[in-house]
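Take a look at the structure set out below.
The values are calculated or read from the model by the stated rules, or taken from the named source; none is laboratory data. In this text, all values refer to a predicted model and were calculated from it rather than measured experimentally. In this analysis, Cβ positions are derived from the backbone assuming ideal geometry, glycine residues included, and neighbour counts consider all displayed protein chains. The accessibility values were calculated without ligands, DNA or RNA, using every heavy atom of the protein model including side chains. Shrake-Rupley method; radii C 1.70, N 1.55, O 1.52, S 1.80 Å.
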Amino acid sequence: MADPSHPDGDASPDTAVRLHRREAWQPWDHELERVELAFELDAECTVVTASLQLHRRSGADQAAPLVLSGRELTLLSVMLDGRELSDGQVAVGDRTLTVHGLPERFELCLRTRLEPVRNLSGRGLFVLGGTLVTQMEPEGLSRVTYFPDRPDVLARYRVTLTADAARYPVLLSNGDCTERRELPDGRHQVVWDDPFRKPSYVFGLVAGDLAAIRDTCRFPSGREVRLAVYAPVGHIRHCRFALEAVRRAMLWDEATYGLECDVNDYSLVALPGFPGAMENKGLNLYDLAGVLADTEITTDDEALTIERIIAHEYFHNWTGNRVTCRDWFQLSLKEGLTRFRDQTYIDDRLGGAYRIDTVRALLRNQFPEDDGPNRHPIRPERYADVEELYTATVYEKGAEVIRMMHTLLGPARFTAGVRDYLARHDGQAVTTDEFVDAMARAGGRDLAAFRRWYVQAGRPRVHVERQAQDGGIALTLTQTLAVAPDALPLTIPVRVSWFDRSGQALSPQLADGGDPALIEIAAAATRVVYADLPPDAVPSLFEGLSAPVGIEPHLDSDERLVLLAHATDPWARWNAAQGLMTDAIRAQAAAARDGASLSFADFPIQAFARLLDEAQEAPDSRLVLAELLRVPDEPVLSDGQPFIDVDGHHAARTALRASLGQALRPQLLRAVQDLGEPGDGELMHVGGLGRRRLAAVCLDLLAAVGDDEVARLCHERVLAAPTMTERFDALACLVDIEHPLRQSALDAFIDRWRDHPTVVAKWFTAQALARSPGAIERIMALQIHPLFDPQNMALGLALLGSFFRQNRVAFHDAQGRGYEWLADVLLMLDRLGRPGAVWLTPQISQWRRHLPERQAAMRRALERVAGTAGLSNGTRGLVMRFLDE
Ligand code: PHE
Ligand code: ZN
């Protein structure tokens, strides 16, 4: 089989979902030496000639036929060593092409015809804004030609692109451009030769009328790489930041891991509606939103994401492209590791504040996934559709697992381990075991219990007990995995520091020796004794969130206030703040259920007022302080709770915001109106980022008061604030204030920015996140807005992604309209053959945690999807998993 783990037949008969299984992986029977691909490119009709040089793998069955994968292809011809094949020799199946009676070594030549304009799947070869472009990961090349489309088949590629010279002046692929000629018929032709062996999923091509900006990156060794960013001509003036971002990432990777860029030409291409961001060898592809950046049109959060994702795709050049995955079950090998690398890259730029962003992302989508029906190990065991592996668990928990190894080994040994892994497996397709083996060698330890993180699904809970003992304190840490009570214990690193009640840091030793700042939970229960601690000392555990676990509450309010004010680890302060606010919101929501009215009279507002003073005195810490003042959103409020109290939490959360907004109004206004230093408006200016993030959080508290003065302030900022960040943040606040200025601000914003697609997308996002009464009608009406185009992935992301994934209130409309709309969208994507179902469903997957009426409405929507005839195997598999649990 071309497919490493083809669907087996033992699916349960009622659902008929076919599953691919990890254990079914077998090496391919052949080896692919070289690939020649010739494209006669045209949006309406493209002809592809693929010549594959193959030989039988030593040890493979002599009689084994050659099986290639392919889907939705028009096959024009197949030739074996230059001769037509006889009828009995070749068989075309639903998604395969099989050739029998092959010699030891041979060349297969296939011609296929495609209609790129009609390909709406976002995979294979398709058209975006007139440009022809590919997306091959995970299995897109088999939508172009019959191919061994699996990541463990690596080959050298030579690619010839022929197209009309006027319509497609720019023709790009991987590697070096070795030939270029004009043809007499108005077409031109270029040849790209990639010296690096690569898997099919990182093959890429682009043909279009694009502008470019260029520069170079010079490494300390003297090596120089030519850099380019390509974009439609109207957007090229916003590409300078991206060009510099890729150079920054290259130099960081060299400085941190000693990894130099190995290609001579490294290009980024930005196209409207490209589905995500892709690490094709030397030819990274992006949506416009992944590249265009300028204070005029880009918010700080977007710039941060652009900086990080450009680095991510570049970092894949080593962790992914040079060393790749044996099969898709190993996806976290490249994605978890590369996500960890992009996170630490930004950590280095922003200091510890960025860890809070990472943890928030984990809490929002990964923790619920790990606790819910779609939980799976970071190295999954099975899938119905390969596309469903691109989950928060594989990426975010995968990165956390790498981070834990970094914590356990320390930075120096971790880096040595990564280098050893890359050197030993260069040019290979390997499994996560090889990575952990390298870590074990570098750390000088076997990591046996640690490896279970790759195998066991579900989020462990850690219970903490403290006891005064012999002038010190004993800590007992107990781990449990509720979803799998028989699970074996994992290695869990716990970073620790201690404070006295006045906030002084203490430095106790462990009675039995060992690192007092790092406890390893290695068994079901681990007990350590700290000597020399006052009995009321406050522990700060899991600093930096040193493991992706649920930490059971173990501190009282006074202890949390000590950490909020004095902890040195930003996450520890943030976690204390979130704990204080979460407890207060949950308590008020519960009281309101029993008929009491909401009151935050007992809330320690003064502790939060002091954070605003601190922000005034220490501008450098504003990025952290802003996070400390941010009132927790739903995923935090319901974290670890059996029941999601959407209405209660929302009402109590709004009331807490309003209480803070009222009580701290003068300070909040001062923070919002702080003009900052000259020049801090530049993207990635750390001081400016902190100031604006603080302003946004403060404005959000004021917006909960929502009086005329606040509405006017927001309106004025939407119209006249100096940066897009400030304009957008004000708009996002105003959409939830019931005031005539809301519509006027929305209209003014879109009038001014309608020609900037990335800003138009933001305008949809701001509205899709609205939660005030009536928001759902206004949001749903946006579907028929003339500027909305459901075919455009970037706009889909802005409206549908924001609403289904991030709007934790309006999505749960009491009439169930949010759920029905999601069902419609899932069915629409499925009809188009577009992936995305797993990505859009982090909320509805939690349906059993909601009120009975909502449960019924969500179940109806899911059942409608499951019951639709002609549904794909993948979508059915996913929806059935939600329903079956
Ligand atoms: N490999 C891409 C990344 O860098 C993700 C991706 C997968 C993009 C599939 C498009 C399609 O994470
Ligand atoms: Zn990636």
Checklist entry - Hey, can you rank 185-196, 563-574, 312-323 by average C-beta count inside 10 Å, highest first? => result 312-323, 563-574, 185-196
Item to check | Spin-label pair GLN616/ASP215, simplified geometry with 7 Å Cα→Cβ offset, distance in nm | outcome: 4.0
Next on the checklist: Using the Cα centre of region 106-221 as the reference point, and only Cβ charges (+1 on K/R, -1 on D/E), how large is the resulting charge dipole? Debye, rounded to the nearest 20.
Outcome noted: 80
Next on the checklist: So if each residue of separation counts as 0.36 nm, and I subtract the Cα-Cα distance between ARG34 and ASP81, what length gain in nm does that give?
Outcome noted: 15.5 nm
Next on the checklist: Quick one: 3J(HN,Hα) in Hz for region 660-672, Karplus 6.51/-1.76/1.60 with θ = phi - 60°, rounded, Gly and Pro as x.
Outcome noted: 5, x, 6, 5, 10, 3, x, 5, 5, 4, 4, 5, 5
Checklist entry - In whole Hz, what ³J(HN,Hα) sequence does region 761-771 give by Karplus (6.51, -1.76, 1.60; θ = phi - 60°), x for Gly and Pro? => result 4, 5, 4, 5, 4, 3, 6, 5, 8, 5, 10
Checklist entry - How would you order 79-87, 850-858, 532-540 from highest to lowest mean count of nearby Cβ atoms within 10 Å? => result 532-540, 850-858, 79-87
Checklist entry - Which of the lysines could a cross-linker span from LYS334 if the Cα-Cα distance has to be under 23 Å and same-chain partners fewer than 8 positions apart are dropped? => result LYS198, LYS281, LYS397
Checklist entry - So, in nm, how far is label GLU716 from label ASP94 when the simple model puts each one 7 Å beyond its Cα toward the Cβ? => result 6.5
Checklist entry - Label ARG860 and MET780 with points 7 Å out from Cα along Cα→Cβ: what is the distance between them in nm? => result 1.2
Next on the checklist: Between GLU182 and ASN264, what is 0.36 nm times their sequence separation minus the Cα-Cα distance? Round to one decimal in nm.
Outcome noted: 27.1 nm
Next on the checklist: Of SER200, GLN89, ALA857, which is farthest towards the positive pole of the chain's charge dipole, taken about the Cα centre with +1 and -1 on the beta-carbons of Lys, Arg and Asp, Glu respectively?
Outcome noted: GLN89
Checklist outcome for this item: Residues meeting the amide H criterion for GLN469 (H placed from the backbone, H to H distance under 5 Å, 5 or more places apart or on another chain) are ALA474
Next on the checklist: Can you give the FRET efficiency to the nearest 0.05 for SER51 and ASP884, using r as the Cβ-Cβ distance and R₀ = 41 Å?
Outcome noted: 0.35
Next on the checklist: For a quick check of understanding: with a 1.4 angstrom probe and all protein chains in place, what accessible area in square angstrom does ASP707 have, to the nearest ten?
Outcome noted: 50
Item to check | Value in Å of the Kirkwood radius, where region 294-354 supplies the Cα pairs that are averaged | outcome: 12.6
Checklist entry - Tilt of helix 852-866 relative to the longest C-alpha principal axis of the chain, in degrees (0 to 90, nearest 10)? => result 10
Checklist entry - To the nearest 10 degrees, how steeply does helix 570-593 sit against the main Cα axis of the chain, on a 0 to 90 scale? => result 70
Next on the checklist: Can you work out the Karplus-derived ³J(HN,Hα) for every residue in region 203-214? Use 6.51 cos²θ - 1.76 cosθ + 1.60 with θ = phi - 60°, whole Hz, and x for glycine or proline.
Outcome noted: 6, x, 8, 9, 9, x, 9, 10, 8, 9, 10, 9
Checklist entry - About its Cα centre, how strong a charge dipole does region 308-414 have in debye, to the nearest 20, once Lys and Arg get +1 and Asp and Glu get -1 at the Cβ? => result 420
Item to check | Cα gyration tensor shape for region 353-423, rounded if a/c is under 1.5, else prolate or oblate | outcome: oblate
Checklist entry - What is the extension gain from ALA361 to ARG501, computed as 0.36 nm multiplied by their sequence separation minus the C-alpha to C-alpha distance, in nm to one decimal? => result 47.2 nm
Item to check | Environment charge at THR46 (Cβ cut-off 9 Å; Lys +1, Arg +1, Asp -1, Glu -1) | outcome: -3
Item to check | Net charge dipole size for the chain [Lys, Arg +1 and Asp, Glu -1 on Cβ; Debye, nearest 20] | outcome: 480
Checklist entry - Just going by the charge dipole of the chain, with Lys and Arg at +1 and Asp and Glu at -1 on Cβ, which of MET404, LEU555, MET880 is farthest out on the positive end? => result MET880
Next on the checklist: Calculate the FRET efficiency for THR568 and ALA448 from the Cβ-Cβ distance with a Förster distance of 25 Å, rounded to the nearest 0.05.
Outcome noted: 0.15
Checklist entry - Going by a ≥ b ≥ c, the root eigenvalues of the Cα gyration tensor, does region 489-581 fall in the rounded group (a/c under 1.5), the prolate group (a/b larger than b/c) or the oblate group? => result oblate
Next on the checklist: Under the rule a/c < 1.5 gives rounded, and otherwise a/b versus b/c splits prolate from oblate, where does region 262-376 land using the Cα gyration tensor?
Outcome noted: oblate
Next on the checklist: Between helix 300-315 and the chain, what is the angle of the helix's C-alpha long axis to the longest principal axis, kept within 0 to 90° and rounded to the nearest 10?
Outcome noted: 40
Next on the checklist: Tell me the Kirkwood radius of the chain: reciprocal of the mean inverse pair distance over distinct alpha-carbon atoms, in Å.
Outcome noted: 28.9
